[in-house]
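What follows is a short report on a single structure.
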Amino acid sequence: MNAVVLRRGGLSVRVGRRTLVLLAVLVPVLAGLALLGLCHGATWASPAKVVEALGGARGGANVVIREWRLPRVLAGLVFGAALGVAGAIFQNVTRNPMGSPDIIGLDAGAYTGALAVITLLAGTSAQLTVGSVVGGVLAAAAVYLLSLGGGLSGLRLVVIGIAVNAILTALNSWIVLRAELEVAIAAVGWSAGSLNGVGWGDLGIPFAVIAVLFVLLALLSRALHQAALGTAVAVTTGVRVERLRLQLVLIGVGCTATVTAVAGPIAFIALAAPQIGRRLARAPGIPLLPAALTGALLLQGADLLAQVLLAPVALPVGVVSTAIGGCYLIWLLAREVRRT
Amino acid sequence: MTATRRRQGGRVALLAAALVLLAGVAVVSIGVGAHAIPPAEVVRALLDRDASSDHVVVWDIRAPRALLAAGAGAALAVAGVLIQVLSRNPLAEPGVLGVTAGSGFAIAVGSALGFAGSAAAELGLAAVGAVAAVALVYAVGRRSPLRLVLTGVALSSVLAGVTLGLRLLLPDVFDQFRFWSVGSLAGREQSAMGLPLLVIAVALVGALLLGRQLDAVALGEAVAHTLGANVAVVRGLTLLLITVLAGAATAVAGPILFVGLIVPHLARRAAGASVPWLLAYAAVLGPILLLVSDIGSRVLLPTGEVPVAIVTAFLGGPVLIWAVRRYGEAAL
């Protein structure tokens, strides 16, 4: 018996035992990291002080914790989970551990969309989200269409994604060079992927979008489990595989683009989180819940590291995630070489 | 026999045509800029210099820049041919494989630590970075063409992340070396480039001399032995040339991607499978491509310049997609 079935009323959820253990371990670790994020800053606040501030106490230091540090920590957790889920979706669909949205150019596409909105329109939070999603969807469609013919083989799709990524990155640089100086400076800081200066005002719409996407994903989870058993089984149990794939990809693009709209392209979280989560959960396929938790852990951890590493300079979190994630990718490739 | 001779004649004619095109592009490139100079005046300035301001611009700024573009273009293109022939991987390229990024990173870090300053020191740093990158990428990714590309991309992004971190840590130091963060020819015509260009020229001649041996090696190890080629020596020399060419190009122009990918694919149309011809065409087409990209980099923005590496990425991305679609399956 390695699975537990939770029942409540007419609903039942089947959860692997290993996943439950993982939850019991990861959730306290995440809570610890979040607390650390709330304590750390220009001045160190004791955990007791943090609890007091969250309870609504008045006073300058409490306002700093509630208005500055709390949104940043929440952004780290939620965005990390969203990136982890997006990575898991894309790695499932492409059946390749390297088929994550940042490698195949979706981040760059979402960034192009956001830049277009900033330079052409007013660049409000809602416009940014829409622009990023449109950019991400177009990039995904381009990669998909270009990889068609001769089957959607994993590595081929990844390398075509890299090429699309290169073109879009060049386009982004060009847009930034053409833009007004103020826009250019903001865009360059943003291009590394950063949670610096994220406030409550930036988070309302993105959190709502991510919540909706997660609910949609939960509704698809049964079909997803059946699809994981193989296309033939899925079809006989009434799952329309092609439509499911399209829905999944759209949810994945939505998650990636929403994060990019607020924080810029944060590389490699989506690549590493699903694989680490899968190993921790020892699950077949690439399970979504461990990917989400690992993503939250990685992003929040990387953001803390980015703040501490060269203090008092707060690095963009994307710098840390890129350096660590790139090493991870090389290790992943080296391991596969040894195995084959 | 006559068919072969006719083909040989066709290749010579095509190469001559490419050389004429190269001369034309160079003249246009020297004429284009904030102050446009008509082609006839450019030619007059090059043949018979007088003291007019146009001639000063041509001799002191535009011609050195064109020479720089031509040298870097030839080096990158020939390095691309060598790496593709050696690894039998049509997707290989010094930029995509992270060799260029390795050189650029080594120069930036070396400069920050105070090692650089002279052209020789920069060349040395570039070579060290290129060797390290080649060794790492080849060790991890040699099993499959696509995997090699992925390893190179991963290495490039790690180095980019570290460089960005260092820039934020030491903004003053790294601002002086931001040229190397993105490949550009602007402003480099003033730096000392005699030594790097000489190194590139020597390495190009070396590559052309090695072409026949490489042709034999490309046919497979057994065939190469019977043809009298020492496979290990040829491979070692080729790796050395790749490192020197990619390193020297990066030292003068910064990391420029995709030139080494595009040009061999173009050259293969004319040269077929012959490695010596492939190298000869690459040595002429590479400069043409980089000169055209450099013209583009000056024309694309009304207010200033686009780094030439952005232009080559625009051109090179589609070529990579085409190459993957054409050759990718065979490699899987």
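The values are calculated or read from the model by the stated rules, or taken from the named source; none is laboratory data. Everything numeric here is computed off the predicted structure, so don't read it as measured data. Cβ sites come from the backbone with ideal geometry, for glycine too, and all protein chains shown count toward neighbours. What goes into the accessible areas is simple: the full protein's heavy atoms, side chains included, and nothing from ligands, DNA or RNA. Shrake-Rupley method; radii C 1.70, N 1.55, O 1.52, S 1.80 Å.
If you check A:ALA208, A:ALA140 for being more than 14 Å from chain B (Cβ to nearest Cβ), of a type in the set (A, V, I, L, M, F, W, C) and in contact with a Leu (Cβ under 7 Å, 6 or more places away or on another chain), only one passes: A:ALA140.
To keep it simple, each residue is scored yes or no on (1) open to solvent by 20 Å² or more (accessible area, probe 1.4 Å); (2) out of contact with any helix residue (DSSP H, G or I) (no Cβ under 9 Å at 6 or more places or on another chain); (3) in a helix (DSSP H, G or I).
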| position | (1), (2), (3) |
| --- | --- |
| A:GLY84 | no, no, yes |
| A:ILE89 | no, no, yes |
| A:ASN92 | yes, no, yes |
| A:ASN96 | no, no, no |
| A:ILE103 | no, no, no |
| A:ALA110 | no, no, yes |
| A:ILE118 | yes, no, yes |
| A:ALA122 | yes, yes, no |
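If you check A:LEU74 against the conditions, is it surrounded by fewer than 20 Cβ atoms within 10 Å (Cβ to Cβ) and more than 24 Å from the chain's Cα centre (by Cα)? Considered against the rule, which asks whether it is surrounded by fewer than 20 Cβ atoms within 10 Å (Cβ to Cβ) and more than 24 Å from the chain's Cα centre (by Cα), A:LEU74 comes out as no. Take A:ALA42 and tell me if it is surrounded by fewer than 12 Cβ atoms within 10 Å (Cβ to Cβ), hydrophobic (A, V, I, L, M, F, W, C), at pLDDT 65 or above and more than 26 Å from A:ARG222 (Cβ to Cβ). Yes. Being of a type in the set (Gly, Ala, Ser) and either under 30 Å from B:PHE314 (Cβ atoms) or within 14 Å of chain A (Cβ to nearest Cβ) (or both) is true of B:ALA253. Only one of the listed residues (A:ALA82, A:ALA86, A:ALA75) is in contact with a Pro (Cβ under 7 Å, 6 or more places away or on another chain) and touching a residue at least 60 places away in the same chain (Cβ under 8 Å). That residue is A:ALA86. If the condition is being open to solvent by less than 30 Å² (accessible area, probe 1.4 Å), assigned to a helix (DSSP H, G or I) and of a type outside the set (Gly, Ala, Ser), then the stretch B:28-58 contributes B:ILE30, B:VAL42, B:HIS55, B:VAL58. The number of residues in the stretch A:275-312 being of a type outside the set (A, V, I, L, M), more than 14 Å from A:LEU23 (Cα to Cα) and at pLDDT 90 or above comes to 3. Per the conditions (1) open to solvent by 30 Å² or more (accessible area, probe 1.4 Å); (2) at pLDDT below 85, the sole criterion not satisfied by B:GLY161 is (1). Would you call A:LEU304 surrounded by fewer than 20 Cβ atoms within 10 Å (Cβ to Cβ) and either hydrophobic (A, V, I, L, M, F, W, C) or in contact with a Cys (Cβ under 6 Å, 6 or more places away or on another chain) (or both)? Taking the combined requirement at face value, the residue satisfies it. Residues in the stretch A:322-337 that are more than 8 Å from chain B (Cβ to nearest Cβ) and in contact (Cβ under 8 Å) with a residue 60 or more places away in the chain: A:TYR328, A:LEU332. In the set (1) open to solvent by 20 Å² or more (accessible area, probe 1.4 Å); (2) more than 14 Å from chain B (Cβ to nearest Cβ); (3) small (Gly, Ala, Ser), A:GLY277 fails one condition alone, (1). The residue of the stretch A:165-188 that is farthest from B:ALA154 (Cα to Cα), among those that are within 7 Å of chain B (Cβ to nearest Cβ) and touching a Gly at 6+ places or on another chain (Cβ under 7 Å), is A:ILE167. Checking each residue in the stretch B:274-313 for being of a type in the set (Gly, Ala, Ser) and either over 30 Å from B:GLY9 (Cβ atoms) or open to solvent by 10 Å² or more (accessible area, probe 1.4 Å) (or both) picks out B:SER274, B:ALA280, B:ALA283, B:SER293, B:GLY296, B:SER297, B:GLY304, B:ALA309, B:ALA313.
The rows are residues; the columns are (1) assigned to a helix (DSSP H, G or I); (2) buried (at least 19 other Cβ atoms within 10 Å of the Cβ); (3) touching a residue at least 24 places away in the same chain (Cβ under 8 Å); (4) among the β-branched types (Val, Ile, Thr).
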{"residue": "A:ILE185", "(1), (2), (3), (4)": "yes, no, no, yes"}
{"residue": "A:TRP190", "(1), (2), (3), (4)": "yes, yes, yes, no"}
{"residue": "A:GLY201", "(1), (2), (3), (4)": "yes, no, yes, no"}
{"residue": "A:VAL212", "(1), (2), (3), (4)": "yes, no, no, yes"}
{"residue": "A:SER221", "(1), (2), (3), (4)": "yes, no, yes, no"}
{"residue": "A:LEU246", "(1), (2), (3), (4)": "yes, no, no, no"}
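Among the residues making up the stretch B:106-143, a single one is modelled with pLDDT under 80, buried (at least 18 other Cβ atoms within 10 Å of the Cβ) and within 14 Å of chain A (Cβ to nearest Cβ): B:GLY141. A count restricted to the stretch B:247-263 and to residues that are assigned to a helix (DSSP H, G or I) and in contact with a Ser or Thr (Cβ under 6 Å, 6 or more places away or on another chain) stands at 3.
Run A:ASN196 past the list (1) assigned to a helix (DSSP H, G or I); (2) open to solvent by 40 Å² or more (accessible area, probe 1.4 Å); (3) within 14 Å of chain B (Cβ to nearest Cβ) and report the number of the one that doesn't hold. All conditions are met except number (1).
Per the listing A:ARG222, A:ARG240, A:ARG282, the residue uniquely over 29 Å from A:TYR111 (Cα atoms) and touching a Lys or Arg at 6+ places or on another chain (Cβ under 7 Å) is A:ARG282. Of the residues making up the stretch B:303-325, those that are more than 7 Å from every other protein chain (Cβ to nearest Cβ) and among the hydrophobic types (A, V, I, L, M, F, W, C) are B:VAL308, B:ALA309, B:VAL311, B:LEU315, B:VAL319, B:TRP322, B:ALA323.
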